[in-house]
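Okay, so here's the structure we're looking at.
No lab work stands behind these numbers, since they all come straight from the coordinates. Because the structure is a prediction, the values reported are computed rather than measured. All Cβ positions, even for glycine, are placed from backbone atoms using ideal geometry, and neighbour counts span all protein chains on display.
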Amino acid sequence: MLPHTLIEVTSFGRMPREGGVHMYFSKKAVVPVEEEETDVWTCSTDGCTCWMRDNFSFEKSPTCPFCQGEMTKDTRMLPVLMNHSKRNS
Ligand SMILES: [Zn+2]
């Protein structure tokens with residue numbers, strides 16, 4: 001009668017030793033992260049810390065997915081996103 005989640009956690013813990021997953025995470029951790037001023041939307045509700053990048057080009061101000069509050073344009077220093085989906089248009 002073991003919970004399903006417990007089984008998953010156990011098998012996940014073994015994976016790094018058997019495969020190359022552990023090496024991947026170690027390598028990623030030491031890569032220097034470049035930051036740049038990034039456009040973001042932040043929730044204007046007191047006590048709500050929700051924010052999102054402005055990568056999606058909203059036509060109008062989005063609403064907070066958590067409290068449905070109004071979101072305002074802001075900027076933050078954020079790690080530069082590598083664009084893996086480069087397309088030649
Ligand atoms: Zn909110």
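Temperature 25 °C, viscosity 0.890 mPa s: under these conditions the Stokes-Einstein estimate for the stretch 34-81, based on its Kirkwood radius over C-alpha pairs, is 221 µm² per second.
Counting every other Cβ atom within 10 Å of each residue's Cβ, ASP39, ASP46 order from fewest to most as ASP46, ASP39.
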